[in-house]
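Each reported figure results from applying straightforward, stated rules to the coordinates on display, with no laboratory input. The shown structure was predicted, so the numbers you read here are calculated from the model rather than taken from an experiment. Counting neighbours? That spans all protein chains shown, and the Cβs are built from the backbone with ideal geometry, glycine included.
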Amino acid sequence: MRKLTASEQKLLKAVHLIAAGLWFSCVIVLALLPIISLGSELGDEIYMYNLAYHFIDIYVLTPAAVITLLTGFVYSFLTKWGFFKHGWLVYKWVITLFIIITGTFYLGPMVGDLLVIADTKRLSALQDPEYILGHTIGLVAAILNSVLLIIAVFFSIYKPWKNIKK
């Protein structure tokens, strides 16, 4: 199998780091965005908060996460790093897949549901138990994902469990 040249690796790494940085930035924004809704006194504010949250989640965070996953796959497949040679890479694969799968099949649809509730109920959404639960789960997930991604960054730098075979 052909391996990437040094300049191809650098380009791939640049795309990977830009996508991962954008993904991480979106997760941080989604962790902080609920602060805006705390002082909302109008139903339109609640709806716009949820619309912004949904937009960031679906149209910015999700593509950035998928590009990070795909460039990581290409990087592992076409360079000496591989998929399972190093413990720190295994951690990054597990965390990346965990966050993307839970986001795709649970959190993403939940964010869509919250947008519908906010659109329908406006200010009274703040008293809706489903909305409150979803809002809380979204906040906890954003904080947890932030921590997991921060750990992944440190693992990329310090590379613990450098070689599993040893």
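Taking trypsin sites (Lys or Arg not before Pro) across region 56-118, the ones in a DSSP loop with at most 10 further Cβ atoms lying within 10 angstrom of their Cβ are Lys80. How far is helix 87-102 tilted, in degrees, relative to the longest principal axis of the Cα atoms in the chain, given as a value from 0 to 90 rounded to the nearest 10? Between the helix axis and the principal axis of the chain, the angle is about 30 degrees. When peptides 26-34, 59-67 are sorted by average Cβ neighbour count within 10 Å, with the highest value leading, the order is 26-34, 59-67. The phi torsions of region 115-131, fed into the Karplus equation with coefficients 6.51, -1.76 and 1.60 and a -60° offset, translate into couplings of 5, 5, 4, 5, 5, 6, 9, 6, 5, 6, 4, 5, 9, 7, x, 5, 5 Hz, rounded to whole numbers, with Gly and Pro shown as x.
Directionally averaged projected area (the chain, Cα convex hull): 10.5 nm². Applying 0.36 nm per residue to the separation of Ser25 and Glu45 and subtracting their alpha-carbon distance, the gain on full extension is 4.9 nm. For region 1-102, GluC sites (Glu not before Pro) are listed when DSSP marks them as loop and at most 13 other Cβ atoms sit within 10 Å of their Cβ; the list is Glu41.
Across region 4-10, coupling constants 3J(HN,Hα) worked out from phi with the 6.51/-1.76/1.60 Karplus curve, θ = phi - 60°, read 6, 6, 4, 5, 5, 4, 5 Hz, and Gly and Pro carry x.
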